[in-house]
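Each remark here refers to the structure printed beneath this line.
The values are calculated or read from the model by the stated rules, or taken from the named source; none is laboratory data. Predicted, not measured: the structure shown is a model, and the values here were computed from it. No Cβ is skipped: glycine too gets one built from the backbone with ideal geometry, and neighbour counts run over all protein chains shown. Just so you know, the surface numbers come from the protein's heavy atoms only, side chains and all, with ligands and any DNA or RNA stripped out. Shrake-Rupley method; radii C 1.70, N 1.55, O 1.52, S 1.80 Å.
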Amino acid sequence: MSATDKILVIGSSGQIGTELTEKLQEIHGTGSVIASDLKKAANHQGVFEELDVLDEKKLGEIVAKYKVTQVYLLAALLSATSEKNSQFAWKLNMGSLFNVLDLAKEKKIKKVYWPSSIAVFGPSTPQENVPQFTVMDPTTVYGISKLAGERWCEYYFLKHGVDVRSLRYPGLISYKSPPGGGTTDYAVDIFYQALEKGTFECFLSENTTLPMMYMPDAIRATVELMQADAQNIKIRSSYNVGAISFSPKEIATAIQKHIPKFSIRYNPDFRQKIADSWPNSIDDSAARKDWNWSAKYDLQEMVKDMLQNLPKPAVNHK
Ligand code: NAD
Ligand code: AKB
């Protein structure tokens, strides 16, 4: 990190972008972070540029105007939305990445952050403690785009020396900004419904265990990866990062400790098949070894923090 770093966040109004932008403003100074998205978030403070990342020309103009040195590319269609619009998902998820990697290849920016996902894994991947290097046979459009993206990131590093870094995020849970169309979104919605209605209908079945992570851990992982010495970044495709694994039943039980009357019922939809193709838990020993990664929040702490921070409804269901 240098004092002259100028950071462009693309997709700054989304679930991760909202919190990552705030953290980057804290680190680099508000004036050094340019937030960009199709639309500005209601509570955004600081510099903002309206940008469709597929508009290569405008992207180049913003990079030149602010002398951008680092890009965090967060714009994408997530797993559930991608299944409904597969052609566009491919166009956005791949086109955005090429637009940014090409700027780095042309030395117009110095560093790129691009997130991958546990969606790169598939039915033949080991279910428990998925190793960093393993079988990857994603069966979703989103997963295919993330796996292809990982291969292109590594290719741009090897072939063109692009300093690109990436994490395979698990499902992320947060209270500041809602999730945007993923299979793990139930694990955020459950909190809103528990507080507002005291009951929740889950679109996944009760024992569907998935890797998850609380947003403060995800933001810290992202910043730590980007601040690590380049020589310590041994993996230029994307790092496994693990934190918590739980099923809908387990998170419901954890919520019931705070809201005893809370009830959950299960009505799996098309997202069940997506979840069934993903593993249960992640081995992140490479990230631990290379840049000292370690998650802090377990399920109980995450649930407590979410319930403390979400706005309280008019009716109390406790
Ligand atoms: P999100 O859907 O909440 O936010 C994405 C943002 O990108 C939105 O604000 C959207 O308006 C913006 N966007 C969409 N199309 C755009 C375009 N053409 N130009 C500019 N902006 C555009 O997603 P998120 O959860 O914040 O995810 C960010 C990244 O992290 C994605 O690559 C996603 O695949 C990855 N990821 C997220 C999770 C998770 O659980 N949230 C897990 C794994 C990986
Ligand atoms: C999704 O469910 O699509 C995302 C992800 C795990 O990539 N949360």
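Considering LEU78, LEU74, the condition of being within 24 Å of ILE235 (Cα to Cα), within 16 Å of ligand 2 (Cβ to nearest atom) and open to solvent by 50 Å² or more (accessible area, probe 1.4 Å) is satisfied by LEU78 alone. For the stretch 234-246, which residues satisfy the criterion of being farther than 24 Å from THR208 by Cα and either open to solvent by less than 10 Å² (accessible area, probe 1.4 Å) or touching a Cys at 6+ places or on another chain (Cβ under 9 Å) (or both)? Selection gives ARG236, SER237, SER238. Do you know which of the residues in the stretch 1-42 that are farther than 21 Å from ASP185 by Cβ and in a loop (DSSP other than H, G, I, E, B) is most open to solvent (accessible area, probe 1.4 Å)? Checking each candidate, the answer is MET1. Once the stretch 50-63 is narrowed to residues that are in contact (Cβ under 8 Å) with a residue 40 or more places away in the chain and either outside the structural domain of LEU73 (by TED's automatic domain parsing) or not aliphatic (A, V, I, L, M) (or both), the residue that is least open to solvent (accessible area, probe 1.4 Å) is GLY60.
HIS258 satisfies every condition listed in (1) in contact with a helix residue (DSSP H, G or I) (Cβ under 6 Å, 6 or more places away or on another chain); (2) buried (at least 19 other Cβ atoms within 10 Å of the Cβ) except (2). For beta carbons closer than 6 Å, sequence separation of 6+ or different chains, a first residue in the stretch 170-190 that is not assigned by TED's automatic domain parsing to the domain that holds GLU128 and a second that is among the acidic types (Asp, Glu) and open to solvent by 10 Å² or more (accessible area, probe 1.4 Å), the qualifying pairs are LYS176/GLU19; PRO179/ASP185. Being touching a Leu at 6+ places or on another chain (Cβ under 8 Å) and either in contact (Cβ under 8 Å) with a residue 24 or more places away in the chain or within 16 Å of ligand 2 (Cβ to nearest atom) (or both) is a property that ASN129 lacks. Residue check: LEU147 meets all listed conditions (1) more than 16 Å from ligand 2 (Cβ to nearest atom); (2) assigned by TED's automatic domain parsing to the domain that holds SER116; (3) not hydroxyl-bearing (Ser, Thr, Tyr) but one, namely (1).
The number of residues in the stretch 194-216 being more than 14 Å from ligand 2 (Cβ to nearest atom) and under 15 Å from the mean Cα position of the chain (by Cα) comes to 1. Answer with yes or no whether THR183 is surrounded by 18 or more Cβ atoms within 10 Å (Cβ to Cβ) and either more than 16 Å from ligand 1 (Cβ to nearest atom) or among the hydroxyl-bearing types (Ser, Thr, Tyr) (or both). Yes, satisfied.
Please go through the stretch 156-191 and give me each residue that is within 19 Å of ALA75 (Cβ to Cβ), assigned to a loop (DSSP other than H, G, I, E, B) and more than 9 Å from ligand 2 (Cβ to nearest atom), ordered by number. If the condition is that a residue be within 19 Å of ALA75 (Cβ to Cβ), assigned to a loop (DSSP other than H, G, I, E, B) and more than 9 Å from ligand 2 (Cβ to nearest atom), then VAL162, SER166, SER174, LYS176, SER177, PRO178 are the ones that fit.
Scanning the stretch 143-180 for residues that are within 7 Å of ligand 1 (Cβ to nearest atom) and open to solvent by 20 Å² or more (accessible area, probe 1.4 Å) yields PRO179, GLY180. Taking (1) modelled with pLDDT of 95 or more; (2) surrounded by fewer than 19 Cβ atoms within 10 Å (Cβ to Cβ); (3) closer than 30 Å to ASP269 by Cβ in turn, LYS108 satisfies each apart from (3).
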